[in-house]
Structure formats: C-alpha cells, structure tokens
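Trainee: Pasting in a structure now, in structure tokens, and then I'll have a few things to ask.
The values are calculated or read from the model by the stated rules, or taken from the named source; none is laboratory data. In this text, all values refer to a predicted model and were calculated from it rather than measured experimentally. Please note: Cβ atoms are built from the backbone with ideal geometry, for glycine as well, and neighbour counts cover all protein chains shown.
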Amino acid sequence: MGRITLDKVTKSFGDVNVIPPLDLTINDGEFVVFVGPSGCGKSTLLRLIAGLEDVSSGQIRIDGEDATNLPPAKRKLAMVFQSYALYPHMSVRKNIAFPMKMAGVPEDEQKRRIEGAAKALNLTDYLDRRPGQLSGGQRQRVAIGRAIVREPSAFLFDEPLSNLDAALRVNMRLEISELHNQLKTTMIYVTHDQVEAMTMADKIVVLRAGHIEQVGSPLELYREPRNKFVAGFIGSPK
Ligand code: ADP
Ligand code: MG
C-alpha cells in the first residue's frame, strides 16, 4: 500500500501552466521530499495527489487504482495541515476523533485508534487538554494524530514545520522521521528547507518551475547533482 504514480500530469490555472507534463513514481513506504524554491509548484503537486485540485490532464494512480477523478475522501491519503488547523474549542481527543466521526468509524474502534496514535506520538497524557494548553510541538503532533487515525496509504505534509521555531523544527523533524520508521507508511513531505530534505528523505524530488530537475537519494543528489540549480539547492560542493 502507498504506491503512487503520476503519468503525464499537468496543471494549469486559467491560461497559466504551472505543472508541465510530469511523471513520477513513489514507492510503497518511501519517504519522498519535494523541494524547490517558493512558487515552483510543490503545494500544487501535493494538492493534485490529494485530490484537492483537479489535474488538467494525465493520470494519478494510487495502489494500482486510477484515482484521477476520485474525491479526496476516497483516496486513502491523509494531508497533515499545520497545527493552526486544530479546533480550539475541542479537546485533543475530540480533535483526533473528528475525522473518524465524519467517516462513521464505530466508537470502540475510534477509541482503539486514538490510544494507538496517542502512544505513537507521546500524547497520552494530553488527550483531555485543549490545543491552547499545548506547546507548538504538541499541537503539531495532534495534527499528525488526526491523520494517523484515518489509517491512510500515505501521509502528505505541506511545510508542516514552517510555523515552528528553529529548536522545535529539529525536534519535530526527528519525530516525523521516527514515526515513518515506526509506521513504514509512504510519506510525501514538501519543504523549501534543504536540511529537512537531506536529513529526512529516502528520495528527493527537486522541482523548478513545475518540472522535475532531478530525482534521487540525498547522497546521489549530493554526489551527482545534474546541474548548478540542483547543486545549489542541495548544498553540494559541485
Ligand atoms: P510552492 O508550494 O512551491 O510555493 P505553489 O504550488 O503554491 O508553489 O504555486 C505554484 C504556482 O502556481 C505559483 O505561481 C502560484 O502563484 C500558482 N498558483 C497556485 N495556486 C493557484 C491558484 N489557485 N490559482 C492561480 N494560480 C495558482
Ligand atoms: Mg507551498
């Protein structure tokens, strides 16, 4: 589970083409990072995969199934929004339960999944607090918990740490990597931060103006950047 393929996917907003034809394969269990400068199309690409935007042409397959025209709720993917997307008036437990409630998951199953997620994220002691009573890092973990309980084929993260201070970013980076080791679920992670890309990724996709400049492991991109743009982005000495 968690294999995602894009076949000649394009996206235009009106007359403006943002994603020229793009092919990409994300393998089951991979931690894939999309990097590139602001405005290069990282979020658009993630939103196309999530189904939050329709492709202009091309095909998206998820776990072997044509998902191109499936609504987001049918794609078995969980988009992790930034922590400010939590409901301030609800407890952590209710925030985490919310997507399951919407999906009609039975109460005892909800309880089981909340306990599992809380344990994986070190939130067991905080389930009855409200988001306002938590630290930034804890709030971010609640946002991730809300995604975990949906038991998705893949997690999609769009710059999830950009609101956090530097020390917390390092912490959360390690926690998300640890979570990936634990769950072994496909993760697609968007960032414009080279350090996050180099330290977290199994595979880095370097984007520039909507197209892929290079795909490879951090080591491959560091050792053999295809051009100056990639080298500059990866911090390679070349
Ligand atoms: P990134 O996440 O890499 O910063 P985006 O995917 O947000 O880049 O944006 C890529 C390009 O698409 C930008 O030029 C942006 O202005 C444009 N864009 C994104 N969403 C829309 C939209 N809803 N309507 C029009 N243009 C958009
Ligand atoms: Mg973006």
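Trainee: Pull up segment 55-90, narrow it to residues that are in contact with a Lys or Arg (Cβ under 6 Å, 6 or more places away or on another chain) and of a type in the set (S, T, N, Q), then point me to the one that is modelled with the highest pLDDT.
Mentor: The extreme case among them is Ser56.
Trainee: Assess whether Val9 counts as being away from ligand 2 (no atom under 13 Å from the Cβ), assigned to a strand (DSSP E or B) and under 12 Å from the mean Cα position of the chain (by Cα).
Mentor: No, not satisfied.
Trainee: Another question, then. Got at least one residue in segment 122-135 being closer than 30 Å to Lys11 by Cα and among the acidic types (Asp, Glu)?
Mentor: No - not one qualifying residue is present in segment 122-135.
Trainee: For segment 61-90, enumerate the residues that are of a type in the set (A, V, I, L, M) and more than 16 Å from ligand 1 (Cβ to nearest atom).
Mentor: Ile62, Ala67, Leu70, Ala73, Leu77, Ala78, Ala85, Leu86, Met90
Trainee: Related question: What are the residue pairs meeting all of these: first residue in segment 188-207, first residue over 24 Å from Thr5 (Cβ atoms), second residue more than 12 Å from ligand 1 (Cβ to nearest atom) and at pLDDT 95 or above, Cβ atoms under 6 Å, and 6 or more apart or on different chains?
Mentor: That search, which allows pairs on different chains as well, returns Met198/Pro218.
Trainee: Please specify each residue of segment 183-197 satisfying the condition of being closer than 25 Å to Leu48 by Cβ and either of a type in the set (Phe, Trp, Tyr) or more than 16 Å from ligand 1 (Cβ to nearest atom) (or both).
Mentor: Leu183, Lys184, Thr185, Thr186, Met187, Tyr189
Trainee: Please specify each residue of segment 25-48 satisfying the condition of being more than 12 Å from ligand 1 (Cβ to nearest atom) and either crowded, with 19+ Cβ neighbours inside 10 Å or polar (S, T, N, Q) (or both). If you could, list the steps in order and put the result at the bottom.
Mentor: Taking segment 25-48 as the starting set, the residues that turn out to be more than 12 Å from ligand 1 (Cβ to nearest atom) are 25-33.
Selection gives Thr25, Ile26, Asn27, Glu30, Phe31, Val32, Val33.
Trainee: OK, next. From the list Gln133, Gln110, exactly one residue is touching a residue at least 24 places away in the same chain (Cβ under 8 Å) and among the polar types (S, T, N, Q). Which is it?
Mentor: Gln110
Trainee: Criterion first (surrounded by 18 or more Cβ atoms within 10 Å (Cβ to Cβ) and hydrophobic (A, V, I, L, M, F, W, C)) does Met1 satisfy it?
Mentor: Numbers: surrounded by 18 or more Cβ atoms within 10 Å (Cβ to Cβ): no; hydrophobic (A, V, I, L, M, F, W, C): yes.
No; evaluated as a whole, the condition is false for this residue.
Trainee: Then there's this: List, please: which pairs have Cβ atoms under 6 Å, are six or more places apart or on different chains, and start with a residue in segment 33-51 that is part of a strand (DSSP E or B) and end with one that is within 6 Å of ligand 1 (Cβ to nearest atom)?
Mentor: Listed by first residue and then by second, the contacts come to Phe34/Lys42.
Trainee: Sticking with this structure for a sec: Could you please give the count of residues in segment 213-237 that are of a type in the set (A, V, I, L, M, F, W, C), in contact with a strand residue (DSSP E or B) (Cβ under 7 Å, 6 or more places away or on another chain), farther than 24 Å from Leu179 by Cβ and surrounded by 17 or more Cβ atoms within 10 Å (Cβ to Cβ)? Give the derivation first.
Mentor: Taking segment 213-237 first, the residues of a type in the set (A, V, I, L, M, F, W, C) are 215, 219, 221, 229-231, 233-234.
Pick out the ones that are also in contact with a strand residue (DSSP E or B) (Cβ under 7 Å, 6 or more places away or on another chain) and you get 215, 221, 229-230, 233.
Adding the requirement that they be farther than 24 Å from Leu179 by Cβ leaves 229-230, 233.
Those still in the list that are surrounded by 17 or more Cβ atoms within 10 Å (Cβ to Cβ) too: 230, 233.
Counting residues in segment 213-237 that are of a type in the set (A, V, I, L, M, F, W, C), in contact with a strand residue (DSSP E or B) (Cβ under 7 Å, 6 or more places away or on another chain), farther than 24 Å from Leu179 by Cβ and surrounded by 17 or more Cβ atoms within 10 Å (Cβ to Cβ) gives 2.
Trainee: Do the conditions hold for Ile19, that is, is it more than 14 Å from Pro152 (Cβ to Cβ), within 15 Å of ligand 1 (Cβ to nearest atom) and buried (at least 21 other Cβ atoms within 10 Å of the Cβ)?
Mentor: Answer is yes for this residue.
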